[in-house]
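Undergrad: Handing you a structure now.
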Amino acid sequence: MTNPIKKPAPLLCLICLFLAPLPLLAAESKNFWGLQFEELEYRYGYDSMDSSGIWGGDIFYGTDELKFRWLTNGEYENKSSSFHALGNEFVIQIPVTDFFDAKAGLRFDTPEGGENRSYAVFGITGLAPQWFELDINFLIGEQGNISAGIDSQYELLLTNRLILTPSLVADIAFYDDPEIGVGSGLTNSGIGLRLGYDVIDRAVSPYIGVFQENAHGKTADLVNLKGGRLGQMYFSLGAKIIY
């Protein structure tokens, strides 16, 4: 069994430096909490005819200057009655500009076909120019393996309640991990388009959507070896929830 993070000292030092000023910041503001799911959907594969349940959301508690967040995401395949992917992330988040927050913490993944993976995670999240929502993460995993991911979307108001949301995701790895089907370089990318309608005080937004994902480079080679699909289009039906 692989040890989670075998060289923790540098990672712990970085996290401690990040956390050092936080008690002072927390004392200055009032705490609040919230729950939000950006994705809570049923997804159907156009080519494979497979279906799955997808979720991606977080619970947060804290202040404007300091938030504790538990982010969770995963995919449950109906055909195999098993989790295709499962991830949990525990981070502390602080503002660094008027539009961006920095975050640091730990991530735990349960990939399909491999042992659990643990990572230190650092990143930024916020609004880029032209109001693009942007989330960038850097992961440092077992034996110092480094990877990065980007998630971006833009909410286009068609009416006061009808919203069209294009999205883009991409992952890059700087190492090979054949056990879980990851090769160095650009590993996966995806583009999506979602049409939602705000109801119930804008706390619930049902949506329909389409999403195309693709494997690339060495990761695509590993997918080929396992007889998997290099690209897949999905249709989705779900809801965005904010509480």
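Undergrad: Among (1) loosely packed, with under 15 Cβ neighbours inside 10 Å; (2) touching a residue at least 60 places away in the same chain (Cβ under 8 Å), there is one condition residue 127 misses while meeting the rest; what is its number?
TA: (2)
Undergrad: Next up: Out of the residues in region 64-73 that are surrounded by 16 or more Cβ atoms within 10 Å (Cβ to Cβ) and out of contact with any Phe, Trp or Tyr (no Cβ under 6 Å at 6 or more places or on another chain), which is nearest to residue 36 (Cα to Cα)?
TA: In this case the residue turns out to be 71.
Undergrad: Suppose we filter region 160-194 for residues that are touching a Phe, Trp or Tyr at 6+ places or on another chain (Cβ under 9 Å) and of a type in the set (S, T, N, Q); how many remain?
TA: Qualifying residue count for the region: 3.
Every residue, every condition in (1) touching a Lys or Arg at 6+ places or on another chain (Cβ under 6 Å); (2) surrounded by 14 or more Cβ atoms within 10 Å (Cβ to Cβ), yes or no:
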{"residue": "111", "(1), (2)": "no, yes"}
{"residue": "123", "(1), (2)": "yes, yes"}
{"residue": "145", "(1), (2)": "no, yes"}
{"residue": "153", "(1), (2)": "no, yes"}
{"residue": "156", "(1), (2)": "no, no"}
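Undergrad: Of everything in region 68-97 that's modelled with pLDDT of 95 or more and in a loop (DSSP other than H, G, I, E, B), which residue is farthest from residue 146 (Cα to Cα)?
TA: Among those residues, the one meeting the criterion is 97.
Undergrad: Follow-up question, since we're still on this one. Please determine, by comparing only the residues of region 158-201 that are charged (D, E, K, R) and surrounded by fewer than 14 Cβ atoms within 10 Å (Cβ to Cβ), which one is nearest to residue 224 (Cα to Cα).
TA: Looking at residues that are charged (D, E, K, R) and surrounded by fewer than 14 Cβ atoms within 10 Å (Cβ to Cβ), I get 179.
Undergrad: Here's a check for you: in region 45-94, which residue that is within 15 Å of the chain's Cα centre (by Cα) and of a type in the set (Gly, Ala, Ser) is nearest to residue 30 (Cα to Cα)?
TA: That would be 57.
Undergrad: Looking only at region 195-237, how many residues end up being within 13 Å of residue 38 (Cα to Cα) and within 17 Å of the chain's Cα centre (by Cα)?
TA: Matching residues across region 195-237 total 0.
The values are calculated or read from the model by the stated rules, or taken from the named source; none is laboratory data. As the structure is a prediction and not an experimental result, all values here were calculated from the model. Cβ sites come from the backbone with ideal geometry, for glycine too, and all protein chains shown count toward neighbours.
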